[in-house]
Amino acid sequence: MRGVFKVFLLLFVLGIFVVIAGAGAAIYGLWHYGRELPDYKQLADYEPPTVTRLHAGDGQLIAEYAKERRVFVPIAAMPRRVKQAFIAAEDQNFYSHYGVDLIALARAVVTNVANYAQGRRPVGASTITQQVAKNFLLTNEVSIERKIKEAILAFRIENALTKDRILELYLNEIYLGYGSYGVAAAALNYFNKSMDELTTAEVAYLAALPKAPNNYHPIRKREAAQDRRNWVVGRMLEEGFIKPDTAQIARQSALQVASRDATQFVDAEFFVEEVRRELIGRYGEDGLYEGGLSVRTTLDPRLQKVADEALRDGLIAYDRRHGWRGPVETIAIDGGWLGQLRMVKPPTGIGTWLLAAVLEIDAAKAKIGIENGDVGAIPLSELKWAREWKKGQLRGPSVKRAEEVLKVGDVVMVEPLPEPEDEKSPPNIVDGARQYGLRQIPAIQGGIVALDPHTGRVLALSGGYDFASSEFNRATQASRQPGSAFKPFVYLAALEKGYTPATRILDAPFVLDQGPGLGKWKPANYAKKFYGPSPMRLGIEKSRNLMTVRLAREIGMETVADYARRFNIITDLPLQLSMALGAGETTLLRLTTAYGMLVNGGKKIMPTFVDRIQDRNGQTIFRHDGRGCAQCQGKKLVTNRPPTLPDLRERVATSVSAYQIVSMLKGVVQRGTGRRVKAVGKPLAGKTGTTNKEMDTWFVGFAPDLAVGVFAGFDQPIPLGRRETGSSVSAPIFRDFMTRALEGKPAIPFRVPPGVRLVRVNAKTNLPARPGDKRVILEAFRPGTEPSSAATVIDGSDGFVRTGAPSVGGKY
């Protein structure tokens, strides 16, 4: 007995030693493997990278930015069946274990011993919490050390986070194939459904994917995918999540995937790029591509479409006036013309046009083969414009035969002719052959901006003919000379100093000695003529350079520079008289915004592309309109009248002077250089602009509630050609835009502010109208400054020249 007791005692001591040693080893292991683990507490505030979406002003989607196509859904918004499917498939004891499922672990050990003996791959026992630890905090390394770290982190995570938070992280982060991060994205990519639309069979299939999405591809490995899905259905039945009849229906369902509907975007690439740059400036690239922002922009999709089309049509119209620059390429025409044609790379910017090869040609038409295999013809009438382009924007002789433009083998761009609208329209089918028009991508570029003059909200913007061809934005990035489009601000500065629209200014030769070795500066009017003393109004309406220079010299270039700065046209305008004629450089967006300040009554606005930005949780983190609304807080409005908000806009000019300029710019459209715009038939005002040698052309103007600017010119400035001015190039684009933008809208007159007296005057002399005068207009004056008989004329030297001719007053 004593021997047995000694043996028992020895075994007891050894047992205690083993337990102590094991505990010590365990404690050491926890210390060793746990001392340098990542900080699990960061998961409490973790926000997975999600898609940033840009919306137009009416809510339509215009762009998405993301590194991972993930849709984040809070756990409270996830359908119960989705959560149950993943728990049944991945971690049946999720809500009862403490991070590691010891029962599942023991079962996996026994199973893996048998699998090892049979040469089969081992099974895992990782819980959802362990997978969160691995996916967020560790690597995918296959090792015992990583599994130990995973288990330690799982225990720590369970102590720090709720079960729902852990499950939320898991279901939004896990990769499920098809480029899908998270269950919501997978539901869209596999089945084109939101999560709450998924059937039990579809939910079970998604829950079958976490371990190895590629092994259960729904098309390439359909049988394995269905087997795995049915296994998940069985697990859901075992857990009591579904009923037997539901499980039977799910197992019998065919596994059918559906392509995700193509996301419909509003086409506004130049506008979107401006917003993208602004967001990166505010929140950095990570904030844009991972922040899940919801951005409500100022874009008006209808106006954007109109702007794009008006600009493209206007640039094409100019390009066609200056001839044909030749085919895209030339190929050999034989029995295999279609194959050769399809090898030709389409030019960037071709858009909806088609490539075609000339198969046969005669005097009346060119027979062409289209890239889609069809055969058609280009009639001579569609080749008349294609006179040979020559240097200096000149053209060759008129086209009388099709062979003078094209030859067999030429690869050209064409567009099907539309259905004829009337008997005068060219037919689109002749002798059974579809008729096409010859097309050419314009070499000229341009930009257009439309904005709300009261708020600065940019409603439409296009910075070039085609974004894919060139991302350079001519509306915001191109600094060019505005030419005469700057003149209204010279005249505004004079009005603010006490002059009137009737002030007479001498239109005569002007010579300025620029200093030793610099020669003399001799500005001239576009028509190379002189008109003598003329009212200030005519200086704008007829765009008289000599009158503008004299006026600028009279009021001082310091004053002109001050107004250029006030209106944010040019921050630091050089104090040279040539700057009064628009020799300083600015952008289309800045100049259009300045014109908006004229029509809004002289209130400062800043252009903006973004109305509001919300974070992933729906909290507003930016709002362009920073005004508060005391009447809106905590009270239900019981009136149909909107609350009154404070006007915080800084005044940059008096409302009277601003209206006087508006009235004078209206005259530009009615009687001056902008007469082409008059065809719109609505109250409009604006100004043409053309620089020396016709290198840049502009038209900037407005309706009472819409300011629009147009620029056209070559990226590398060269002359646009003889007689190509703001009136012939840019004004038609403005006209076409306004025609469609204001279609169906009432003709709203320009608002006359208090302090303006409207006087009937002769449009030519600005003298009070007399009985029998045929050209009579209403001129805007401050009370007491109406035309008088004072004979003063600004000559730009010593200030005034007394003349015997009747005068219209002047300075006061």
Original post:
In the chain, what percent of the accessible surface is made up of carbon and sulfur (1.4 Å probe, ligands and nucleic acids excluded)?
Top reply: 53 percent
Subject >> Listed peptides 570-578, 227-235 by packing density, highest first (mean Cβ within 10 Å) >> reply: 227-235, 570-578
**OP:** Please list 82-95, 378-391 highest first by mean number of surrounding beta-carbon atoms within 10 Å per residue.
**Re:** 82-95, 378-391
Subject >> Residue-averaged 222 nm ellipticity for the chain, from DSSP H runs of 4+ at -39500 (n - 2.57), nearest 500 >> reply: -10500 deg cm²/dmol
**OP:** Sort the following peptides by mean Cβ neighbour count (other Cβ atoms within 10 Å, averaged over residues), highest first: 590-596, 71-77.
**Re:** 590-596, 71-77
Subject >> HN-Hα J in Hz across the stretch 202-216 - Karplus 6.51, -1.76, 1.60, θ = phi - 60°, x for Gly and Pro >> reply: 6, 4, 5, 5, 4, 6, 7, 8, x, 5, 7, x, 5, 6, 10
**OP:** Scan the stretch 232-292 for chymotrypsin sites (Phe, Trp or Tyr not before Pro) in coil per DSSP, keeping those whose Cβ has at most 16 other Cβ atoms within 10 Å, and list them by number.
**Re:** F265
Subject >> Leading residue at positive end of dipole, the chain (Cβ point charges), from A364, T297, Y98 >> reply: T297
Original post:
For the stretch 241-385, what class follows from the C-alpha gyration tensor (a ≥ b ≥ c being the square roots of its eigenvalues): rounded when a/c is under 1.5, otherwise prolate if a/b is larger than b/c, else oblate?
Top reply: oblate
Original post:
Treating the beta-carbon of each Lys and Arg as +1 and of each Asp and Glu as -1, no other charges, what is the dipole magnitude of the stretch 339-394 about its Cα centre, to the nearest 20 debye?
Top reply: 300 debye
Subject >> Magnitude of the charge dipole, the chain, Cβ model with Lys/Arg +1 and Asp/Glu -1, debye to 20 >> reply: 2200 debye
Original post:
By its C-alpha gyration tensor, with a ≥ b ≥ c as the square roots of the eigenvalues, how is the chain shaped: rounded for a/c under 1.5, else prolate for a/b larger than b/c, else oblate?
Top reply: prolate
Original post:
Do the alpha carbons of any pairs in K603/K687; K542/K745; K163/K211; K487/K529; K520/K678 sit beyond 28 Å of each other, and which pairs?
Top reply: K542/K745; K520/K678
Original post:
Which value, in debye to the nearest 20, describes the size of the charge dipole of the stretch 706-791 about its Cα centre when Lys and Arg Cβ atoms bear +1, Asp and Glu Cβ atoms bear -1, and nothing else is charged?
Top reply: 360 debye
Original post:
When the Karplus curve 6.51 cos²θ - 1.76 cosθ + 1.60 is applied with θ = phi - 60°, which whole-Hz ³J(HN,Hα) does each residue of the stretch 472-478 get, with x for Gly and Pro?
Top reply: 5, 9, 6, 8, 10, 10, 8
Subject >> Those GluC sites (Glu not before Pro) in the stretch 632-741 that DSSP places in a loop and that have at most 13 other beta carbons within 10 Å >> reply: E650
**OP:** Find which of G179, A224, S657 sits farthest along the positive direction of the dipole of the chain, computed with +1 on the beta-carbon of Lys and Arg, -1 on that of Asp and Glu, about the Cα centre.
**Re:** S657
Original post:
Which chymotrypsin sites (Phe, Trp or Tyr not before Pro) does the stretch 648-757 hold that lie in a coil by DSSP with at most 10 other beta carbons within 10 Å?
Top reply: none
Subject >> Rounded to 5, percent antiparallel among DSSP beta bridges of the chain >> reply: 85 percent
Original post:
To the nearest Å, what is the center-to-center distance of the stretch 510-546 and the stretch 704-774, using C-alpha atoms only?
Top reply: 22 Å
Original post:
Where in the stretch 235-279 does the amide nitrogen come within less than 11 Å of the point 7 Å from the Cα of H217, taken along Cα to Cβ?
Top reply: none
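The values are calculated or read from the model by the stated rules, or taken from the named source; none is laboratory data. Predicted model only: the values in this text are computed from it and were never measured. Because the Cβ atoms are built from the backbone with ideal geometry, glycine has one as well, and the counts that use them run over all protein chains shown. Heads up: the accessible areas ignore ligands, DNA and RNA and are worked out on the full protein's heavy atoms, side chains in. Shrake-Rupley method; radii C 1.70, N 1.55, O 1.52, S 1.80 Å.
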